[in-house]
Structures are given as structure tokens and as C-alpha cells.
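Below is one structure, written out as C-alpha cells; the observations come after it.
The values are calculated or read from the model by the stated rules, or taken from the named source; none is laboratory data. Nothing here was measured: the structure is a model prediction, and the numbers come from that model. Glycine also receives a Cβ, built like all others from the backbone with ideal geometry; neighbour counts cover every protein chain displayed. Note: areas computed on protein heavy atoms with side chains; ligands, DNA, RNA excluded. Shrake-Rupley method; radii C 1.70, N 1.55, O 1.52, S 1.80 Å.
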Amino acid sequence: MQIYWALWAGVLAALIAAATWIEYNGIVRRIDGANGFILLMIGITCAMTLPLGGAIAWYFEGFATAAKVVLITGAGLGAAFWVALRWLGARAKRPH
């Protein structure tokens, strides 16, 4: 179960990091379309994996473990999304 959770969390972190990098490059280059849409869509897509990930964990380890895995992953995903939004917002307001 540890390997499953590590792979799942790693893929979600990589997706959020890639979307943040794309948006940051749009902000630096002053592209008008750098409005956070890519980050939003990746965040929604990552959040949509929580029920499936929980179902897989429930099947292999039981409800208690599945609940812990989903709550920890969801909290981490939400925190990463919030930090990325705040950081990108600060970069967008900064004069170039």
C-alpha cells in the first residue's frame, strides 16, 4: 500500500508542479492567457482521482486505511494547489 500511495501522490504532485510551471512561464512572458486555467483544470482532474484511489485502497486494505489515504492525499493536494495559487498571484502582481 505504501508504494501505491507514493506513486499516486507522486503523479499528482508532478501534475500540479507542471501546471504551476506552465502558468509561471505565461506570467513571466506576459501572455494574456496566463489566467490559471491550466492549473485549475489539473487541480480538478487530480481531485477527481480521489474516489478511485480511495476505492482501490479500500479493496486492498479496508475502509480505515482508505479513509486515511484519501484524507491525507486530498489535504496535500489542496495545500499544494493553494500554495501554487498564492505564489502565482504574488508573481503576477510583481512588476517586471
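Remarks
- Residue pairs meeting the criteria (Cβ under 7 Å; at least 6 apart or on separate chains; first over 14 Å from residue 50 (Cα atoms), in region 1-13; second open to solvent by less than 60 Å² (accessible area, probe 1.4 Å) and assigned to a helix (DSSP H, G or I)): 1/57; 1/65
- If you go through region 56-71 and pick out every residue that is touching a residue at least 40 places away in the same chain (Cβ under 8 Å) and open to solvent by 40 Å² or more (accessible area, probe 1.4 Å), you end up with 4.
- Qualifying position, being within 18 Å of residue 11 (Cα to Cα), open to solvent by 30 Å² or more (accessible area, probe 1.4 Å) and either under 19 Å from the mean Cα position of the chain (by Cα) or in contact (Cβ under 8 Å) with a residue 12 or more places away in the chain (or both), among 77, 85, 40: 40
- Filter pass, residue 47 being open to solvent by less than 60 Å² (accessible area, probe 1.4 Å), in contact with a helix residue (DSSP H, G or I) (Cβ under 7 Å, 6 or more places away or on another chain) and either closer than 22 Å to residue 94 by Cα or in contact (Cβ under 8 Å) with a residue 12 or more places away in the chain (or both): yes
- Scope region 65-93; condition among the aliphatic types (A, V, I, L, M) and over 17 Å from residue 2 (Cα atoms); matching residues: 75, 77, 79, 80, 83, 84, 85, 88, 90, 92
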